[in-house]
1. Look through Thr560, Thr588, Thr582 and report the one residue that is β-branched (Val, Ile, Thr) and in contact with a Pro (Cβ under 6 Å, 6 or more places away or on another chain).
2. Tell me whether region 797-806 contains one or more residues that are assigned to a loop (DSSP other than H, G, I, E, B), open to solvent by 40 Å² or more (accessible area, probe 1.4 Å) and not small (Gly, Ala, Ser).
3. Which one of Thr780, Thr796, Thr818, Thr775 is out of contact with any His (no Cβ under 9 Å at 6 or more places or on another chain) and at pLDDT below 95?
4. Going by the conditions given, is Ser421 modelled with pLDDT under 95, more than 23 Å from Asp804 (Cβ to Cβ) and not aliphatic (A, V, I, L, M)?
5. Evaluate region 343-355: report whether one residue or more is under 30 Å from Pro814 (Cβ atoms) and touching a helix residue (DSSP H, G or I) at 6+ places or on another chain (Cβ under 7 Å).
6. From the set of residues in region 518-540 that are part of a strand (DSSP E or B) and either surrounded by 24 or more Cβ atoms within 10 Å (Cβ to Cβ) or of a type in the set (Ser, Thr, Tyr) (or both), which is nearest to the chain's Cα centre (by Cα)?
7. Name the residues in region 699-724 that are in contact with a Leu (Cβ under 8 Å, 6 or more places away or on another chain), farther than 28 Å from Arg515 by Cα and part of a loop (DSSP other than H, G, I, E, B), would you?
8. Filter region 486-517 for residues that are crowded, with 24+ Cβ neighbours inside 10 Å and β-branched (Val, Ile, Thr); which is farthest from Asp834 (Cα to Cα)?
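The values are calculated or read from the model by the stated rules, or taken from the named source; none is laboratory data. Bear in mind that the values here come from a model prediction, so they are computed numbers and not experimental data. Cβ placement follows ideal geometry from the backbone for every residue including glycine, while neighbour counts extend to all protein chains displayed. To get the accessible areas, we keep the full protein, side chains included, count just its heavy atoms, and leave off ligands, DNA and RNA. Shrake-Rupley method; radii C 1.70, N 1.55, O 1.52, S 1.80 Å.
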Amino acid sequence: MTFNGWGGACSGTGSCAVTIAGDTSVSATFSTSTTPQVQLSVTTAGTGTGTVTSNPAGINCGQTCSANFLSGTAVTLTAAAGSGSTFAGWTGACSGTGTCTVALSAAAAVTATFNTTTAAQVQLSVQDGGSGTGTVTSNPAGIDCGQTCSAGFPSGTAVTLTATPASGSTFAGWTGACSGTAACTVTLSAATAVTATFNTTTAAQVQLSVQDAGSGTGTVTSNPAGINCGGTCSASFASGTAVTLTAAPASGSTFTGWSGACSGTSNCVMTLNANTNVTANFSTASPSSYQLTVQSLGSGSGTVTSNPAGINCGTACTASYNSGKVVTLTAAAGTGSSFAGWTGACTGTAGCSVTMDAGATVGAIFNASSNSNGIGVINHVVLVTQENRSLDNYLGALRQYWRNNGYADISFDGLAQFNPSTGEAPLQGPPPSVPGCNPNDPPPSDCIYDKTNPITSFHLKTMCTENTSPSWNEAHVDWSYEDQVGRYPATNDGFGWVTGHDSRAENFYDTNGIRVMGYYDDGDLNFLYFMASNFATSDRWFHPVLSRTNINREYMIASTSQGYAYPNGTNSHDMALLTAKTIYQELTDAGVSWKIYVNPQGSSCTQPYQSSCLMTLSYLQNFTYAQTVVKSYPQNIAPISQYYTDLQNNTLPQVAVLEPASEAGDDEHGSDTDKVATDIQRGEAYAESLINGLMTSSSWSSSAVFMTYDENGGLYDHVPPQPAVSPDGIKPVDLQPGDVCTKVDGPTCDFTYTGYRVPLVVISPYAKKHYVSHTVADYTAMLKFIETRFKLSPLTNRDAAQMDMTEFFDFNNPAWSTPPTPPAQNTNGACYLDHLP
């Protein structure tokens, strides 16, 4: 109510004083009134969440974010941050981070800012123990592995680990932060370790029975061994064993196909989970003709002709002949080449005769022979093989270096943006790019392959990068995201997706895999660019297999992995050590001196060094021959200090293999974890010290050094893998469920393609100066060079088919009797993992 004034004996609105002298009247007038209402509005801002409430009630933001109050009301606002958020303060009618009090005389607005908090990351480490194998996965995602792995999670996260035993194993329980056999749930407040113990089980035995049928005869054999018979036979195998049956028809018979548990005419492959019967059908009815195929292999050229006529390789390399016909093949080497022998249906270097009772393939190996008679001047072959670098990544800018430093331009197939616009092909083109990850699907979503979001070749400024993977699956996706088994020509377009996918699983910074398209130039790798420009190199030098380090290095030792696509001990199919003959065994048998030098820095090996410990630093440890070396030739495995002693004392062996200094961090491998950065410049400086030591020693005058890298490390290269000869006819034996090639077959599902390109520098007084080879080869060609120099037999069909590498040399006119003085490798480059470039 509002007082409007007096009437009668008083007036105005003040107090009324009346003197009573008679009848007197006074009136007071009142009227109703409404106090004005004003609006208070609250909004929230920032990356986090929270609630704002008011006193008096009215505001409860997250629900009601504005209300009307009487003019003059003092309204107090209180902010409460949501889970994972903090209150950052007020703006508008209030400021600071305390409560906000607004005396309302007019409409007012207040903003409350909430920001997300980044919980401290703590590490959860998981390793497996026991005699068996298995996989441990986590929820939330992050852990997915056998052997040892780790991942970071926000502090306070409840992580549930699930253990899944592999075939032939059982889960025995957890130790460490968990116990028992149920799922392990750990609430992380500090670094935590858990061990999952898997033990092998004695698998139930199941029976495989094989019989033959039809009018013909033949033999069926199994891998693993057990079946080897004509007629009816059987053998027991552990349940879950993958068995391959091969049918070989006897003379006068043909194999017409399988029935029972298999069908078709290819090898019968099955996984035995119960007693199984298979029938091999042989017929006496022979086709009227069979096809003979001849392939020319090696670094040289030549012609193969046949009697009866039909084959004239270089013109026609296939022909059909009547069943039973004996076809004699004759090889004639071309100018500058020599015939090195037959592979396939014939062997040796004499004439090749094939009886056409089935289709047959013969390979004729021709090698370039220019200067080959002078190879005897090489008394020391030295292999320096670092880790995980593609040619585009390391030497892609080589032709730009030539222009800048006065070298003659010659053909070299590096990154297109560094090619000249005129002159020797290939010529200048746009920087290569590959599809990246869809930006609308950031982590924790998987990388979504996106052709509209390319990653283009760029210069890396950090000398330390998170690792990229070259393993079986990744290498096949790199071939083509949409055709991983090689049914069509390679597109090399999967590198971005592979690296983005793996980076998200590894919790790396670079979750979009951008680094896979990075390259280094001569400012980063000044030693390598100098050596590749002054000595001999190649733009068609490949690692041998579409897989990771261990497998490729097994090819460097024995020219085969005997069917392993994974490192020894990955699963029950690759537990055994390799039994293949190694180059070291062949050198020993021939009386050729050799030595493996390892760098024990950072390892568990201590002085006085034991050969058994040093062997754990060599990839020869994957072979049974390693045990022979430790027992009978312990002097042949030595610390790197012995290498320098041998140089000083002129006791360098005829073949010297320098293993990478992985334990010391000087191998140039990508960084496996963001906690430990591997600097490529340190690795190059280490390699330079090895080579400079040789160039300044008395052994230089008769040495040849092959400096290369064991595989591309999953880093981009624009040249596709190349067809190659299977070393021994063994297909992959240890692929895991769901792997590429386990559901769809194709040409790249066998060991008949190389991996990707890697850098090579051939360093010797006799190396051709500023020379580039364009001959396709994988690095088992280094074995071929050793075999050629010391008159050894090929280890497998793979090294037999390689060039002998003599094209890199001029043995009559040494260009570098006095070696050049290379620049000291730069070591001052930036090293970081938390941003690009």
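1. Thr560
2. No, every residue in region 797-806 fails to be assigned to a loop (DSSP other than H, G, I, E, B), open to solvent by 40 Å² or more (accessible area, probe 1.4 Å) and not small (Gly, Ala, Ser).
3. Thr818
4. yes
5. no
6. Tyr519
7. Within region 699-724, just Ser699 meets the criteria.
8. Checked region 486-517; the qualifying residue farthest from Asp834 (Cα to Cα) is Val498.
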